[in-house]
Amino acid sequence: MKRPIFGKLYQFSQYIPRMDFTIHQYLLATEPSILFATGTVQQAERSLPAIEEILGGRPLDYIFVSHMESDEYGGIRIFLERYPDAKVICSRLASRELPGLGVECDCVAADGDTVIEEGDISLKTITYPCEVHLQDGIIAYEQNSGILYSSDLMQSPGDGRDTVEECGYLPRAESISPVRIPNEKGLEDTKRKLASISPRFVAVGHGFCFVNADIM
Ligand SMILES: [Fe+2]
Ligand SMILES: [Fe+2]
């Protein structure tokens, strides 16, 4: 069986050599369980059997969608067909877009103040201006395990499959550039929100995950 990358967090990845770019999804196999990003349809079809095996007959309880791009939600139907009771945690904007795409699901529309306290998890959502229109993207901080799922923030190029680096979290958060968030106030607000938490592990959407060297 697949081994976790940190605590009860399992990583599923695809590396694209011509772009030198890695796309990750994660399963947090707590109770309740959470899938962070579905990947594309092809990635979802590949990761589903391993996810079923890890969950060992338990349901997938939540699917976290950071924003509406194919790597984040593209395979959502695959998971909803298998786990029709899974709730989708997404922004209010995404919760209005999913029905338009023919995706019927139970949405937890999250904003910056949302904390989901249930069983093993205390999941805080953090909003950030995200592509393509610098609107409501969300990332997730699971406060009990100290895992931050950062989606497209703090990403890096390279083959990041099954690799964990050590890195200071605050310098990485501070180094997010206007190339990623070309909205001065949005960038400043995002950095302020990121500086208010102190994760133990950062699960990036792309590139290399890292443990927070600031608190080791
Ligand atoms: Fe994205
Ligand atoms: Fe992404």
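The values are calculated or read from the model by the stated rules, or taken from the named source; none is laboratory data. Being a predicted model, the structure only gives us computed values, none of them experimental. Because the Cβ atoms are built from the backbone with ideal geometry, glycine has one as well, and the counts that use them run over all protein chains shown. Just the protein is used for accessible areas: all its heavy atoms, side chains included, with ligands, DNA and RNA removed. Shrake-Rupley method; radii C 1.70, N 1.55, O 1.52, S 1.80 Å.
Remarks
- Only Cα sites of segment 9-215 enter the Debye sum here, all with the same form factor; the resulting log10 I(q)/I(0) across q = 0.07, 0.10 1/Å is -0.18, -0.38, listed in q order.
- Of all DSSP bridge pairs formed entirely within the chain, close to 60 percent run antiparallel.
- Taking 7 Å steps out from each Cα toward its Cβ at Gln42 and Lys185 produces label points 4.1 nm apart.
- Per residue, the chain exposes 45 Å² of solvent-accessible protein surface, assessed with a 1.4 angstrom probe and all protein chains in place.
- Cα centroid separation, segment 149-182 to segment 41-65 (Å): 25 Å
- Note on Ser175 and Arg96: their simple-model spin labels are 3.7 nm apart, each label 7 Å out from Cα toward Cβ.
- Inter-probe distance in nm under a simple model that places probes 7 Å from Cα toward Cβ, at Asp20 and Thr163: 1.1 nm
- Carbon + sulfur, % of accessible area of the chain - ligands and nucleic acids excluded, 1.4 Å: 48 percent
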